[in-house]
Amino acid sequence: MKTSICSIAIAGVMSGLIGTVQAGVIDPTQPVEGQSQLALSEQWWQWALGIPAASSPLTDVDGSRANLNNAGSVFFLAGGGGNVSRTIEVPAGKPLFFPILNIAYVFTPETGEACDGVANPVACALSFIPLSGVTNLHATLNGQNLLTYPSYRQTSTALSSVNLPADTFWSGLNTGAHDFVTDGYWVALEPLDRGSYTLAFGGESVWGALEVVDVLRVPEPSSLLLTLCALAPLAAQWRRRACEAGA
(Lines give C-alpha, C1' and ligand atoms only; values in the text may rest on other atoms or scores of the structure.)
Protein backbone atom coordinates (compact mmCIF):
# COMPACT_ATOMS: atom_id res chain seq x y z
CA MET A 1 0.00 0.00 0.00
CA LYS A 2 2.84 2.38 0.81
CA THR A 3 4.53 1.70 -2.52
CA SER A 4 1.31 2.42 -4.38
CA ILE A 5 0.75 5.73 -2.62
CA CYS A 6 4.37 6.73 -3.21
CA SER A 7 4.06 5.97 -6.93
CA ILE A 8 0.85 7.98 -7.26
CA ALA A 9 2.39 10.94 -5.45
CA ILE A 10 5.47 10.87 -7.67
CA ALA A 11 3.39 10.67 -10.84
CA GLY A 12 1.29 13.61 -9.74
CA VAL A 13 4.28 15.84 -9.06
CA MET A 14 6.13 14.76 -12.18
CA SER A 15 3.20 15.52 -14.44
CA GLY A 16 3.41 19.15 -13.41
CA LEU A 17 7.04 19.35 -14.57
CA ILE A 18 6.73 17.78 -17.99
CA GLY A 19 6.55 20.13 -20.94
CA THR A 20 8.80 22.98 -19.80
CA VAL A 21 11.14 23.51 -22.73
CA GLN A 22 12.43 27.05 -22.29
CA ALA A 23 15.72 27.81 -20.59
CA GLY A 24 17.08 31.03 -19.20
CA VAL A 25 20.41 32.16 -20.59
CA ILE A 26 22.58 33.70 -17.90
CA ASP A 27 24.05 37.08 -18.81
CA PRO A 28 27.69 36.38 -19.84
CA THR A 29 28.85 39.24 -17.61
CA GLN A 30 27.20 37.71 -14.53
CA PRO A 31 28.52 34.97 -12.23
CA VAL A 32 27.21 31.42 -12.16
CA GLU A 33 27.18 29.69 -8.79
CA GLY A 34 29.42 32.46 -7.45
CA GLN A 35 32.01 32.22 -10.24
CA SER A 36 32.63 34.44 -13.24
CA GLN A 37 32.05 32.87 -16.61
CA LEU A 38 35.68 33.55 -17.51
CA ALA A 39 36.70 31.50 -14.47
CA LEU A 40 34.31 28.76 -15.58
CA SER A 41 35.86 28.72 -19.05
CA GLU A 42 39.26 28.16 -17.45
CA GLN A 43 37.86 25.44 -15.18
CA TRP A 44 36.28 23.83 -18.23
CA TRP A 45 39.73 23.44 -19.81
CA GLN A 46 41.15 22.09 -16.56
CA TRP A 47 38.37 19.48 -16.63
CA ALA A 48 38.69 18.61 -20.31
CA LEU A 49 42.50 18.49 -20.53
CA GLY A 50 42.92 16.86 -17.11
CA ILE A 51 41.35 13.62 -18.37
CA PRO A 52 43.52 11.21 -20.42
CA ALA A 53 43.10 11.70 -24.17
CA ALA A 54 41.71 8.20 -24.68
CA SER A 55 38.65 9.03 -22.59
CA SER A 56 38.54 12.81 -22.92
CA PRO A 57 35.20 14.57 -23.33
CA LEU A 58 36.90 16.58 -26.08
CA THR A 59 36.57 13.57 -28.38
CA ASP A 60 33.23 12.31 -27.04
CA VAL A 61 30.99 11.54 -30.02
CA ASP A 62 28.07 9.78 -28.30
CA GLY A 63 27.76 11.33 -24.83
CA SER A 64 29.24 8.39 -22.93
CA ARG A 65 32.02 10.56 -21.42
CA ALA A 66 29.94 13.61 -20.54
CA ASN A 67 29.68 12.84 -16.82
CA LEU A 68 33.31 11.84 -16.32
CA ASN A 69 34.82 13.94 -13.48
CA ASN A 70 31.92 16.35 -14.01
CA ALA A 71 30.48 16.63 -10.50
CA GLY A 72 30.89 20.34 -9.74
CA SER A 73 28.15 22.87 -9.03
CA VAL A 74 28.04 23.72 -12.75
CA PHE A 75 27.67 20.97 -15.36
CA PHE A 76 30.11 21.23 -18.29
CA LEU A 77 29.30 20.17 -21.84
CA ALA A 78 32.10 19.61 -24.35
CA GLY A 79 31.98 20.52 -28.01
CA GLY A 80 33.03 17.11 -29.25
CA GLY A 81 35.69 18.39 -31.64
CA GLY A 82 33.62 18.29 -34.82
CA ASN A 83 30.24 17.19 -36.13
CA VAL A 84 28.65 15.02 -33.46
CA SER A 85 25.24 13.93 -32.24
CA ARG A 86 25.07 12.74 -28.65
CA THR A 87 22.67 11.80 -25.86
CA ILE A 88 23.64 13.11 -22.44
CA GLU A 89 22.02 12.73 -19.04
CA VAL A 90 22.19 16.12 -17.34
CA PRO A 91 21.79 16.37 -13.56
CA ALA A 92 18.75 18.27 -12.32
CA GLY A 93 19.28 21.50 -10.44
CA LYS A 94 22.64 22.45 -11.97
CA PRO A 95 23.39 25.29 -14.41
CA LEU A 96 24.94 24.22 -17.73
CA PHE A 97 28.04 25.75 -19.28
CA PHE A 98 29.34 24.97 -22.76
CA PRO A 99 31.55 26.48 -25.49
CA ILE A 100 30.20 27.34 -28.91
CA LEU A 101 33.76 27.74 -30.19
CA ASN A 102 36.84 27.87 -27.97
CA ILE A 103 40.57 27.28 -28.01
CA ALA A 104 43.42 27.15 -25.52
CA TYR A 105 47.14 27.82 -25.74
CA VAL A 106 49.10 25.53 -23.43
CA PHE A 107 52.63 26.53 -22.46
CA THR A 108 55.09 23.69 -23.12
CA PRO A 109 58.58 24.82 -22.07
CA GLU A 110 59.84 21.22 -22.20
CA THR A 111 59.48 21.24 -26.00
CA GLY A 112 60.42 24.87 -26.68
CA GLU A 113 58.10 27.74 -25.88
CA ALA A 114 57.66 30.87 -27.99
CA CYS A 115 56.07 32.82 -25.13
CA ASP A 116 58.30 31.60 -22.31
CA GLY A 117 60.08 34.41 -20.48
CA VAL A 118 58.42 37.28 -22.37
CA ALA A 119 57.24 40.40 -20.57
CA ASN A 120 53.55 39.69 -21.19
CA PRO A 121 53.04 35.93 -21.66
CA VAL A 122 49.21 36.25 -21.71
CA ALA A 123 49.19 38.66 -24.65
CA CYS A 124 51.87 36.59 -26.40
CA ALA A 125 49.87 33.38 -26.08
CA LEU A 126 46.58 34.99 -27.10
CA SER A 127 48.22 36.27 -30.28
CA PHE A 128 48.55 32.64 -31.39
CA ILE A 129 44.81 31.97 -31.05
CA PRO A 130 43.04 34.90 -32.73
CA LEU A 131 39.28 34.55 -33.06
CA SER A 132 38.72 37.40 -35.51
CA GLY A 133 37.69 34.94 -38.23
CA VAL A 134 34.79 33.38 -36.28
CA THR A 135 31.46 33.41 -38.16
CA ASN A 136 28.02 31.82 -38.03
CA LEU A 137 27.89 31.37 -34.26
CA HIS A 138 24.59 29.78 -33.27
CA ALA A 139 23.00 27.98 -30.34
CA THR A 140 19.42 26.85 -29.82
CA LEU A 141 17.53 24.79 -27.26
CA ASN A 142 14.42 23.12 -28.67
CA GLY A 143 14.59 25.73 -31.40
CA GLN A 144 14.82 28.67 -28.97
CA ASN A 145 17.65 31.05 -29.86
CA LEU A 146 20.13 31.28 -26.97
CA LEU A 147 22.32 34.07 -28.37
CA THR A 148 20.51 37.23 -27.35
CA TYR A 149 23.26 39.13 -25.49
CA PRO A 150 25.78 41.43 -27.26
CA SER A 151 28.74 39.13 -26.65
CA TYR A 152 29.45 35.66 -25.28
CA ARG A 153 33.22 35.91 -25.53
CA GLN A 154 35.46 35.06 -22.57
CA THR A 155 39.19 35.85 -22.92
CA SER A 156 41.94 35.09 -20.40
CA THR A 157 43.38 38.03 -18.51
CA ALA A 158 45.91 35.97 -16.55
CA LEU A 159 47.65 32.63 -16.77
CA SER A 160 45.80 29.55 -15.50
CA SER A 161 47.24 26.14 -14.71
CA VAL A 162 46.14 22.68 -15.80
CA ASN A 163 47.47 19.32 -14.60
CA LEU A 164 48.12 17.25 -17.71
CA PRO A 165 47.87 13.45 -17.38
CA ALA A 166 50.43 11.06 -18.80
CA ASP A 167 48.17 10.27 -21.76
CA THR A 168 47.55 13.71 -23.19
CA PHE A 169 46.86 15.00 -26.70
CA TRP A 170 50.48 16.03 -27.26
CA SER A 171 53.57 13.85 -27.19
CA GLY A 172 56.73 14.79 -25.36
CA LEU A 173 55.05 16.75 -22.56
CA ASN A 174 55.70 16.29 -18.87
CA THR A 175 52.81 15.30 -16.66
CA GLY A 176 51.63 17.84 -14.12
CA ALA A 177 51.07 21.60 -14.11
CA HIS A 178 51.22 23.64 -17.31
CA ASP A 179 50.18 27.25 -17.76
CA PHE A 180 47.54 28.08 -20.36
CA VAL A 181 45.27 30.82 -21.67
CA THR A 182 41.94 30.51 -23.42
CA ASP A 183 39.67 32.48 -25.70
CA GLY A 184 36.24 31.61 -26.98
CA TYR A 185 32.47 31.93 -26.93
CA TRP A 186 30.47 30.34 -24.12
CA VAL A 187 26.86 29.95 -23.00
CA ALA A 188 25.60 29.46 -19.45
CA LEU A 189 22.07 28.13 -18.93
CA GLU A 190 19.95 28.06 -15.83
CA PRO A 191 19.08 24.55 -14.58
CA LEU A 192 16.69 22.68 -16.84
CA ASP A 193 13.43 21.20 -15.64
CA ARG A 194 12.83 17.49 -15.96
CA GLY A 195 12.40 16.38 -19.57
CA SER A 196 14.20 15.93 -22.88
CA TYR A 197 15.78 18.77 -24.82
CA THR A 198 17.61 19.23 -28.10
CA LEU A 199 20.64 21.51 -27.86
CA ALA A 200 22.26 22.51 -31.15
CA PHE A 201 25.28 24.81 -31.44
CA GLY A 202 28.26 25.53 -33.63
CA GLY A 203 30.13 27.99 -35.78
CA GLU A 204 33.01 28.43 -38.19
CA SER A 205 36.56 29.67 -37.76
CA VAL A 206 39.96 29.42 -39.42
CA TRP A 207 40.30 26.04 -37.66
CA GLY A 208 37.20 24.61 -39.33
CA ALA A 209 33.49 24.22 -38.63
CA LEU A 210 31.75 22.79 -35.58
CA GLU A 211 28.21 21.44 -35.49
CA VAL A 212 26.93 19.70 -32.37
CA VAL A 213 23.48 18.30 -31.65
CA ASP A 214 22.92 17.00 -28.12
CA VAL A 215 19.82 15.36 -26.74
CA LEU A 216 19.82 16.36 -23.07
CA ARG A 217 17.79 14.25 -20.67
CA VAL A 218 17.10 15.62 -17.22
CA PRO A 219 15.83 13.03 -14.70
CA GLU A 220 13.75 13.75 -11.63
CA PRO A 221 16.00 14.82 -8.72
CA SER A 222 16.54 11.80 -6.47
CA SER A 223 16.05 13.97 -3.39
CA LEU A 224 12.49 14.76 -4.51
CA LEU A 225 11.71 11.09 -5.00
CA LEU A 226 13.06 10.26 -1.57
CA THR A 227 11.03 13.07 -0.01
CA LEU A 228 7.83 11.89 -1.68
CA CYS A 229 8.42 8.32 -0.61
CA ALA A 230 9.12 9.47 2.94
CA LEU A 231 5.81 11.34 3.01
CA ALA A 232 3.80 8.39 1.68
CA PRO A 233 3.46 6.60 5.08
CA LEU A 234 2.20 9.86 6.62
CA ALA A 235 -0.38 10.19 3.85
CA ALA A 236 -1.55 6.66 4.60
CA GLN A 237 -1.89 7.51 8.32
CA TRP A 238 -3.81 10.70 7.55
CA ARG A 239 -6.19 8.83 5.29
CA ARG A 240 -6.76 6.08 7.88
CA ARG A 241 -7.40 8.61 10.66
CA ALA A 242 -9.85 10.49 8.43
CA CYS A 243 -11.77 7.27 7.79
CA GLU A 244 -11.80 6.42 11.48
CA ALA A 245 -13.05 9.91 12.36
CA GLY A 246 -15.87 9.64 9.87
CA ALA A 247 -16.92 6.14 10.92
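Could you check the spin-label model distance between Q30 and D116? Points 7 Å from the Cα along Cα→Cβ, value in nm.
4.4
Could you sort 43-53, 202-212, 93-103 so that the peptide with the highest average Cβ count within 10 Å comes first and the rest follow in order?
Going by the mean number of other Cβ atoms within 10 Å, highest first, we get 93-103, 43-53, 202-212.
Which of the trypsin sites (Lys or Arg not before Pro) found in the stretch 123-230 are in a DSSP loop and have at most 13 neighbouring Cβ atoms, other than their own, within 10 Å?
none
Using the Cβ atoms and a cut-off under 11 Å, what net charge is assigned to the surroundings of Q154, where Lys and Arg are +1 and Asp and Glu are -1?
Here the charged neighbours net out to -1.
For the stretch 80-173, with every protein chain kept in place, what is the accessible area per residue (1.4 Å probe, Å²)?
48
Which far-off residues, 5 or more places away or on another chain, put their amide H under 5 Å from the one on N83, with H placed in the peptide plane?
Close amide H contacts, sequence-distant or interchain: E211.
Between I26 and residues 5 or more places away or on another chain, which pairs have amide H atoms under 5 Å apart, with H built 1.01 Å from N, and which residues are they?
Here the answer is A188, L189, E190, since their amide H atoms fall under 5 Å of that of I26.
The values are calculated or read from the model by the stated rules, or taken from the named source; none is laboratory data. Owing to the predicted nature of the structure, the values given are computational and were not obtained by experimental measurement. Neighbour counts run over all protein chains shown; Cβ positions are idealised from the backbone, glycine included. Heads up: the accessible areas ignore ligands, DNA and RNA and are worked out on the full protein's heavy atoms, side chains in. Shrake-Rupley method; radii C 1.70, N 1.55, O 1.52, S 1.80 Å.
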